[in-house]
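See below for the structure under consideration.
What follows is calculated from the coordinates using simple rules that are stated; it is not laboratory data. All of these numbers come straight from a predicted model, not from anything done at the bench. Backbone-built Cβ (ideal geometry, glycine too); neighbour counts: all protein chains shown.
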């Protein structure tokens, strides 16, 4: 296979590339969580029913998960900056459509289009970090990427609550989407500083793209909707179909001269083990944010803004360790991931003990959860991508981002069962925290499968 890689321009460093990439990362992470805050206002204004509200979240997640692998490969083929730019244009335009939506159906369509745009841009961010940033600077760059990703998730509720409370220009909930227009335009201007790069191949494996997209829809759709509908027969049939489609996709890729995903990337220990660990990490984080929000707002009667203020304890801990994660990982290697998982387990255990008590008793556990997140996330990403050849970085980033999203959906589905089966919200919160402790301890064990040090350490 012929490899064509456009090298980064001489003298380009992370300092010149990072501002644009981190702005895009924060924008997409923020938008994933900010919509949860706007739901009550949307329901009242657009008279949206439960199904429409659910699809405002599910449509985004489904389109995102289904398109990430294909989006990553498109970057390898046609240029990562070019595809990132296209994705950002689609995402920004879709945000405007969401912000001016006259009815619930139009808002759902806008959210699906947002997810499709995010599927184009997210893999390029990781791939460009891996190819445009010099190897010695990569641990620091990935640490800042992880910091931005976490802050977007943690402060999504705070930003959304502030925008709705401020009611800018009388926009109410619409400001949560329209704020993306000036930020998106600014990011497009900053992308001029990002060097172009391509990977191997000259054409897209359309059959492979269709197979993997169908497989991901069949996997993620029942995970998103199964619990709420009582896990009807179609959800189990869909999961079975997903297994068949994934097997067919792998078989097809083995015989393709220009596959969508070159299966040789899985031969390296760092990528395969990193994917397993990333799946476990995100299973815990997505479900934790959901359960905590439900406990604070439904169980304790806090407003969205008050709930977001409590989330800031997680953000404080995360900010403290994620800024130093690359230095800690340089000293401890894979043990930094295990350490982060153990710290998260301690925080979750503390919150289980504090359930039902005053909200102040939650704060130490929340801070510990943030500290552990900051320790684990950046090294995980660095380990997973460090040994992937440059020409396959886009496809590998798409696979990694897909595992992230499927981990989110799987974690919410499984921990959601634990939470909703409890007799009360407080008992559900406590049981969920205990289940998450077990998951984080499993992540600590999985860290032993990672290589002792990343290739870029």
Report summary line: The Cα extents of the stretch 229-269 along the principal axes, largest first and rounded to whole Å, are 41, 23, 11
Query raised in the report: What is the projected area of the convex hull of the Cα atoms of the stretch 249-375, averaged over all directions, in nm²?
Result: 10.3 nm²
Report task. Answer rounded, prolate or oblate for the stretch 265-450, using the Cα gyration tensor with square roots of eigenvalues a ≥ b ≥ c: rounded when a/c is under 1.5, else prolate when a/b is larger than b/c, else oblate. Result -> prolate
Query - Counting all C-alpha pairs of the stretch 367-457, share separated by more than 19 Å (%) - result: 55 percent
Query raised in the report: Per the Kirkwood formula on distinct C-alpha pairs, the Rh of the stretch 195-238 is how many angstrom?
Result: 12.9 Å
Requested in this report: For the stretch 392-437, evaluate the Debye formula with one uniform point scatterer on each Cα (no solvent term) and list log10 I(q)/I(0) at q = 0.20 Å⁻¹, rounded to two decimals.
Outcome: -0.64
Report task. Based on the mean of other Cβ atoms within 10 Å per residue, sort peptides 288-298, 395-405 so the most packed one is first. Result -> 395-405, 288-298
**Report entry** Relative contact order (percent, whole number), the stretch 171-282, Cα cutoff 8 Å, 6+ residue spacing
**Finding:** 26 percent
Requested in this report: Calculate, in whole percent, how much of the Cα-Cα pair population of the stretch 334-402 lies beyond 18 Å.
Outcome: 52 percent
Query raised in the report: Between the stretch 149-185 and the stretch 323-368, what's the alpha-carbon centroid distance in Å?
Result: 28 Å
Query raised in the report: Quick one: what Rg and Dmax do you get for the stretch 202-285 from the alpha carbons, in Å?
Result: 15.1, 45
Query raised in the report: For the chain, what relative contact order do you get, as a whole percent, if you take Cα pairs closer than 8 Å and at least 6 residues apart?
Result: 24 percent
Query raised in the report: Label residue 236 and residue 303 with points 7 Å out from Cα along Cα→Cβ: what is the distance between them in nm?
Result: 4.6 nm
Query - Radius of gyration, Dmax [the chain; alpha carbons; angstrom] - result: 20.8, 63
Report summary line: Semi-axes in Å, largest first, for the stretch 13-199 (Cα gyration tensor, √(5λ)) are 30, 17, 13
